[in-house]
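Have a look at the structure below before the remarks.
The values are calculated or read from the model by the stated rules, or taken from the named source; none is laboratory data. Source: prediction; values computed, not measured. As a convention, Cβ positions derive from the backbone with ideal geometry for all residues, glycine included, and neighbour counts pool all protein chains shown.
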Amino acid sequence: MTLFPLFADLRDRAVLVVGGGKVAERKVRALLAAGAKVTVGAPELTPRLAAAVDSAAIAHRNGRFDPAWLDGIWLAIAATGDGALNREIARAAEERRLFVNVVDDAELSTFQVPAIVDRSPLTIAISSGGAAPALARHVRSRIEALLEPSLGILGALAQRWRARLRMKLPDPIARRRFFERIVLGPVAVLIRRRREREAEAVLASALARIDADDRTGSVALVGAGPGHADLLTLGALRVLGEADVVLHDRLVSADVLALARRDADLVEVGKDPGGHSVAQERIHALMLEHARAGRRVVRLKGGDPFVFGRGGEELEFLRAHGIPYEVVPGITAAVACAAYAGVPLTHRDHAQSVRLVTAHCKESLDTLDWRALAAERQTLAVYMGVAGLDALRDRLIAHGRAPHTPFALIENGTRAEQRIAIGTLDALPEIARAHAIKAPALLILGEVAALAQTLHWFGASPLTAPSRTAARAA
């Protein structure tokens, strides 16, 4: 680290900006926002700076820089565009032991003006040491996207309650745990929902009950998407960064799990047909156990919690036991896998509707409306159906779906190992077996599936039915 980061309190302190152009105008605006008493020294001013002088928002020294301008100054900024003059200002400030920033000249500067992410009273400053301001701005834009605006409201609430928190919880460790459990838990959830009064009431109640050791945590049902970490939502990133415990499905990718808080406990609770599975009742028990211990629990599910993810059952359980919860939707497999295969789920010429279907066992197949599913000009997205492709094909054709209807079968959609098998409905099971397609795989059936042949863009080219010669050789 070549620079020592600090935040300066400039309220009612004199700051000099030498220069009257657009760059100086930007610096003055930031200084005024920090409460500084700004003097601008320059023979000419932009219209906005001149207006600020006329309104007495800033003072003006008219003429060429004079070292005497630095008398009584706490901080100086040289924004003249004149290299020789900037060196003179830097030298004069150095002699007076004043910090000076020379715009676009890190060598002459004794402090750098960082890129700012403003969630007042929370402020994040990013600096490249003057070496690459564009990089600092890029990082700022990324952080801006990650930090929701409600953090400012949460910070202001914490600021108002700081003295009471310190009085009630003099021990710093106990205070930090309370802050993480209550302020960053249910209070933050209510702030994000713009329920500020209710959030403050929850904080007051929790602080009043502190001697009763109320340790109720919370649970977030979070959609992890189909696997590619780039498809996580900003909300999912936020709660993963706050989690104490992550109860995750078997198919949640390692890249996604790596984004959880480093000291979070990662517990696999997935269901594996034909292998080790965690019963839904056990998952309910784990959520309750950890939440009642005061932990922030993330129930991390592949895809979206409310699309074949039992999210509704889990919310009903949490509500019945009085556990605070929130839901962070994810990109469901039908949307993501189709996109990564180049298949539009709807298309003006081919399909005006989409049906999401699960077909992972005979019982689920028996409950489906096959006549409706076999209708033309619609797209079927079939989840968890690899094991039942023969029955799926036979029932659709028996109820009127054309045997030549195109399909795209997407294995490990959105992941590096993605494979796509394409063909027509009559040959669906045979093509899947020929290419040894395994779960997780999503079936897309309908005229739009044929577009995978030409519109695919991610991973290897689609696999087709093996030729008869190749099949006999095999």
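Observations
- Figure legend. Inter-residue proximity from region 80-101: first residues outside the structural domain of V18 (by TED's automatic domain parsing), second residues surrounded by 20 or more Cβ atoms within 10 Å (Cβ to Cβ) and modelled with pLDDT of 95 or more, beta-carbon distance below 8 Å, spacing 6+ or different chains. No pairs are indicated.
Residue by residue, here is whether (1) in contact with a helix residue (DSSP H, G or I) (Cβ under 6 Å, 6 or more places away or on another chain); (2) farther than 16 Å from P114 by Cα holds:
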{"residue": "G19", "(1), (2)": "no, yes"}
{"residue": "A30", "(1), (2)": "no, no"}
{"residue": "G41", "(1), (2)": "yes, yes"}
{"residue": "L45", "(1), (2)": "no, yes"}
{"residue": "G83", "(1), (2)": "no, yes"}
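- Test result for R292, at pLDDT below 95 and surrounded by 22 or more Cβ atoms within 10 Å (Cβ to Cβ): no
- L157 vs. criteria assigned to a helix (DSSP H, G or I) and either within 28 Å of I116 (Cβ to Cβ) or in contact (Cβ under 8 Å) with a residue 40 or more places away in the chain (or both): yes
- Any chance A243 is in contact with an Asp or Glu (Cβ under 9 Å, 6 or more places away or on another chain) and within 26 Å of P149 (Cα to Cα): yes
- Counting only helices (runs of 4 or more DSSP H) that fall entirely inside region 315-378 and contain at least 3 residues that are under 30 Å from S218 (Cβ atoms) and under 29 Å from the mean Cα position of the chain (by Cα), the qualifying elements are 333-340.
- The lone exception for F111 - which of (1) surrounded by fewer than 15 Cβ atoms within 10 Å (Cβ to Cβ); (2) in a loop (DSSP other than H, G, I, E, B); (3) in contact with a strand residue (DSSP E or B) (Cβ under 8 Å, 6 or more places away or on another chain) it fails: (1)
- Scanning region 248-266 for residues that are in contact with an Asp or Glu (Cβ under 7 Å, 6 or more places away or on another chain) and modelled with pLDDT of 95 or more yields a total of 1.
- Number of residues in region 293-324 that are without any contact (Cβ under 8 Å) to a residue 24 or more places away in the chain and over 21 Å from V382 (Cβ atoms) equals 3.
- Selection count where residues are under 17 Å from A93 (Cβ atoms) and assigned to a strand (DSSP E or B), scope region 10-46: 9
- Count of region 390-437 residues, restricted to those that are among the charged types (D, E, K, R), over 17 Å from V335 (Cα atoms) and under 37 Å from the mean Cα position of the chain (by Cα), is 1.
- Residues in region 24-45 that are over 14 Å from L75 (Cβ atoms) and surrounded by fewer than 18 Cβ atoms within 10 Å (Cβ to Cβ): R26, R29, A33, P43, E44.
- Residues in region 47-69 that are in a helix (DSSP H, G or I), in contact (Cβ under 8 Å) with a residue 12 or more places away in the chain and closer than 30 Å to R119 by Cα: R48, L49, A52, V53.
- Checklist (1) part of a helix (DSSP H, G or I); (2) more than 21 Å from V307 (Cβ to Cβ) applied to I283, failing item: (2)
- Any chance A92 is of a type in the set (G, A, S) and outside any loop (DSSP other than H, G, I, E, B): yes
- Top-ranked residue of region 438-453 - restricted to ones that are over 32 Å from the mean Cα position of the chain (by Cα) and surrounded by fewer than 21 Cβ atoms within 10 Å (Cβ to Cβ), ranked as nearest to G400 (Cα to Cα): E447
- Taken over region 340-372, the criterion of being surrounded by fewer than 19 Cβ atoms within 10 Å (Cβ to Cβ) and small (G, A, S) is satisfied by G342, S353, S364, A372.
- Verdict on V269 being crowded, with 17+ Cβ neighbours inside 10 Å, within 19 Å of G309 (Cα to Cα), at pLDDT 95 or above and touching a Leu at 6+ places or on another chain (Cβ under 6 Å): no
- Matching option when the condition is in contact (Cβ under 8 Å) with a residue 60 or more places away in the chain and either within 24 Å of the chain's Cα centre (by Cα) or closer than 22 Å to G83 by Cα (or both), among S127, S109, S141, S120: S127
- Options R193, R209: the member that is of a type outside the set (F, W, Y), over 14 Å from D244 (Cβ atoms) and at pLDDT 85 or above: R193
- Leading residue by the ranking (nearest to T414 (Cα to Cα)) among those in region 329-379 that are in contact (Cβ under 8 Å) with a residue 24 or more places away in the chain and basic (K, R): R355
- Residue satisfying all of: in region 79-108; more than 26 Å from S141 (Cα to Cα) and of a type in the set (G, A, S); surrounded by the most Cβ atoms within 10 Å (Cβ to Cβ) among these: A93
- Against the test of being closer than 25 Å to V187 by Cβ, of a type outside the set (S, T, Y) and touching a residue at least 24 places away in the same chain (Cβ under 8 Å), the options V256, V246 yield a single qualifying residue, V246.
- Residue pairs meeting the criteria (Cβ under 6 Å; at least 6 apart or on separate chains; first in the same structural domain as S205 (by TED's automatic domain parsing), in region 164-177; second not in a helix (DSSP H, G or I)): R175/L169
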